[in-house]
1. Between I49, I3, I19, which is surrounded by fewer than 18 Cβ atoms within 10 Å (Cβ to Cβ), touching a strand residue (DSSP E or B) at 6+ places or on another chain (Cβ under 7 Å) and aliphatic (A, V, I, L, M)?
2. Just the residues that are under 17 Å from Q9 (Cβ atoms) and either surrounded by 14 or more Cβ atoms within 10 Å (Cβ to Cβ) or in contact with a Ser or Thr (Cβ under 6 Å, 6 or more places away or on another chain) (or both), please, taken from the range 52-94.
3. Taking the range 1-35, which residues are in contact with a Ser or Thr (Cβ under 9 Å, 6 or more places away or on another chain) and either acidic (D, E) or in a loop (DSSP other than H, G, I, E, B) (or both)?
4. Just to be sure before I move on: is P43 of a type outside the set (S, T, N, Q), free of Cβ contacts under 8 Å to residues at least 60 places away in the same chain, exposed (fewer than 15 other Cβ atoms within 10 Å of the Cβ) and part of a loop (DSSP other than H, G, I, E, B) in the structure I sent?
5. D61 is checked against (1) part of a helix (DSSP H, G or I); (2) modelled with pLDDT under 95 and fails just one. What number does that condition carry?
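The values are calculated or read from the model by the stated rules, or taken from the named source; none is laboratory data. Quantities reported herein were computed from a predicted structural model and do not represent experimental measurements. For neighbour counting, all protein chains shown are included, and Cβ atoms are generated from backbone atoms with ideal geometry for every residue, glycine included.
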Amino acid sequence: MFIISLTYQVPLEKVDAVIPEHVAYLNEQYAKGHFILSGRKEPRTGGVIISTMSDLNKLNDILAQDPFHIEGLASYEVTEIVPTKASEKLEFLV
């Protein structure tokens, strides 16, 4: 499992222009079961994605398809996490 932290590298006006393509990309990754949660950071400096993928190389290939990455709008920090405890609702992740 991975936590992906995106940090915008350009003004929000440029980010906003690519939001529809980014959302389509996210929808595709959700449909494939690669992502389980995503959202904006507050303040709006980037976003966070949680992925249940187990292969970092495959995840990096998928992240390279993000329009934010293709257009150079965001940098990505990927952190692997090995869940060991969860609430009852999230036990399926452990």
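1. Only one candidate passes the filter, namely I3.
2. Quick first cut of the range 52-94, residues under 17 Å from Q9 (Cβ atoms) only: 63-64, 66-78.
Passing the criteria: L63, D66, P67, F68, H69, E71, L73, A74, S75, Y76, E77, V78.
3. Of the residues in the range 1-35, the ones in contact with a Ser or Thr (Cβ under 9 Å, 6 or more places away or on another chain) are 1-9, 26, 29-30, 33-35.
Passing the criteria: M1, Q9, G33, H34.
4. Values: of a type outside the set (S, T, N, Q): yes; free of Cβ contacts under 8 Å to residues at least 60 places away in the same chain: yes; exposed (fewer than 15 other Cβ atoms within 10 Å of the Cβ): yes; part of a loop (DSSP other than H, G, I, E, B): yes.
Considered against the rule, which asks whether it is of a type outside the set (S, T, N, Q), free of Cβ contacts under 8 Å to residues at least 60 places away in the same chain, exposed (fewer than 15 other Cβ atoms within 10 Å of the Cβ) and part of a loop (DSSP other than H, G, I, E, B), P43 comes out as yes.
5. The failed condition is (2).
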